[in-house]
1. If you find the alpha carbon centre of the range 155-204 and of the range 339-367, how far apart are they in angstrom?
2. Please find the FRET efficiency linking residue 324 to residue 202, where r is the Cβ-Cβ separation and R0 is fixed at 22 Å, and quote it to the nearest 0.05.
3. Considering the chain as a Gaussian network with a 10 Å cut-off on Cα pairs, which listed residue, 260, 211, 148, attains the greatest mean-square fluctuation?
4. As a footprinting exposure proxy, order 299, 238 by other Cβ within 10 Å, with the fewest listed first.
5. Could you work out the relative contact order of the chain? I mean the mean sequence separation of Cα pairs under 8 Å and 6+ apart, divided by the number of residues, in percent.
6. Mind jotting down the distance between the C-alpha centroids of the range 42-72 and the range 84-106, whole Å?
7. Assuming a ≥ b ≥ c are the square roots of the Cα gyration tensor eigenvalues, decide whether the range 255-305 counts as rounded (a/c under 1.5), prolate (otherwise, with a/b larger than b/c) or oblate.
8. Roughly what would the spin-label model give for residue 238 and residue 23, points 7 Å off Cα along C-beta, in nm?
């Protein structure tokens, strides 16, 4: 039986990457001999600063990795997040032991200091894999020159580490991201699209047109398009907008809201979110980011909802080609038109059913898990 070491740096606030990592740990553990090496970013400011400073190469993380490599002797290492306590030192340890390594990329930290290519309310490509000076100049990480300088060192080393010979596969979440990494200079055969699996829900929305509720699920922040959504909703009276999630703009936007058909629900459990989606007319997901594989749109689709979303980055792969509700990300009027299109009951039900069939065929847990297992089984 193959031995797989899975390495992941958990986020301080549990998020999508953590969920995917845990899901894949469980899946692989059923078919392989799996050990996990998890790092976390401490709440202690002094420890956190030490780990940040050494995010390029952390000696403590290196020795922790070497210890488990020596005791477990894995055939394969599988990496998710390395920022920032794990650091790039884990790549040095894996290269020293010549361990075949796969890494799943969830963001753009390889050439962008904030990892999302977003600045001043727009997509930004001021930095690249060879030069990250503008990210330092614009203080793109935590609005700090010092922190931005620190992450620029990490980012440069991360890019270099991905070119190590023992890195057998760079796993990305869409063809958009595959092409992106090809343009960064990585060999095509080294990059493979591996989608995240989407669980089939218990609750199905077979007739979304019967609902008057539209749902937003996500971080309440500028880059998720929440401000534009609320501005558009000033013209909407026939549907209730339920906003699920928390974030830096939550309190101010909730306080400023004067419309009775906009409800801020705050953080909800996944079960509660599924319940809201199963009784909604549509999900609106007005992100301004490239995204990886947006799990919320996929989960809404598999339940049977139409999703209003931009044709941006990895979002295009989430839906069938014929889609009434995908809009031009640079055209606010197109976004408005797609929201008004929700008045068409036939379009709502037709797109919801089409989204469900497409998601079941491409991302459903039952079939996609086979692709994940085959990847590890076939790796020599």
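Quick note: the coordinates plus some simple rules give every number you see, no bench work behind them. The structure displayed is predicted, hence computed values, not measured ones. FYI the Cβ positions are ideal-geometry reconstructions off the backbone, even for glycines, and counts take in every protein chain you see.
1. The distance from the Cα centre of the range 155-204 to that of the range 339-367 comes to 26 Å.
2. 0.20
3. Of 260, 211, 148, the most mobile in the Gaussian network model is 260.
4. By the 10 Å Cβ count, ascending, the order reads 238, 299.
5. Here the relative contact order equals 13 percent.
6. 12
7. Oblate shape, in that a/c is at least 1.5 and b/c is the bigger or equal ratio.
8. Distance between the two pseudo-spin positions: 3.4 nm.
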